[in-house]
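Here the structure is laid out as structure tokens; the discussion comes afterwards.
The values are calculated or read from the model by the stated rules, or taken from the named source; none is laboratory data. No experiment lies behind these values; they were computed from the predicted model shown. No Cβ is skipped: glycine too gets one built from the backbone with ideal geometry, and neighbour counts run over all protein chains shown. Ligands, DNA and RNA are stripped out before the accessible areas are found, and what is left, the full protein with its side chains, is counted by its heavy atoms. Shrake-Rupley method; radii C 1.70, N 1.55, O 1.52, S 1.80 Å.
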Amino acid sequence: EVQLVESGGGLVQPGGSLRLSCAASGFTFDDDRMSWVRQAPGKGLEWVSFITQNGGITYYAESMKGRFTISRDNAKNTLYLQMNSLIFEDTAVYYCARVVRGAWYSSYDYWGQGTQVTVSS
């Protein structure tokens, strides 16, 4: 059974940092590309970042460039999102998602339960 479990969210002040983790199980983690997506209250899903199987290629949404870093530790079956210089607009539920084989980074077949990130002063 494929499982993705996010953790690391919480309350943080503007300008602060958080590191999100996603523990993967039930599949060969390093065979798949992964993404982070997020959803603010009342809003649709927004793609955040993407990483290839061995971490060689990464992509970011424009508003996250220079602030967020996606990475993975395949030995630990874990995906990460380091978030720095957080702003109010980053408040959302963050999900890790497995990218469909052969598809572009915005097509997913599994995702986790999400972890809440709240940026507030």
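In a DSSP loop and with at most 12 other Cβ atoms within 10 Å, there are no GluC sites (Glu not before Pro) in the stretch 22-104. The residues of the chain expose, per residue, 51 Å² of accessible area to a 1.4 Å probe.
When the chain is described by a simple charge dipole with +1 on each Lys and Arg Cβ and -1 on each Asp and Glu Cβ, the residue from Ser35, Phe88, Gln53 located farthest towards its positive end is Phe88. For the chain, averaging the sequence separation of C-alpha pairs within contact (under 8 Å, six or more residues apart) and dividing by the residue count gives a relative contact order of 36 percent. Summary of the geometry: the stretch 44-121 and the stretch 3-42, compared by the centres of their Cα atoms, lie 6 Å apart. Note on the stretch 1-48: Cα-only Rg and Dmax are 13.4, 38 Å.
Calculated on C-alpha atoms, the gyration radius of the chain divided by its Kirkwood radius gives an Rg/Rh of 0.94. Surface composition of the chain: carbon and sulfur atoms hold 48% of the protein heavy-atom accessible area at a 1.4 Å probe. In loop segments of the stretch 34-121 as defined by DSSP, the trypsin sites (Lys or Arg not before Pro) with at most 12 further C-beta atoms inside 10 Å of their C-beta are Lys43, Lys65, Arg101. Placing unit charges on the Cβ atoms only, positive for Lys and Arg and negative for Asp and Glu, gives the stretch 8-121 a dipole magnitude near 80 debye about its Cα centre.
The local environment of Arg98, defined by Cβ-Cβ distances under 11 Å, has a net charge of -1 under the rule Lys, Arg +1 and Asp, Glu -1.
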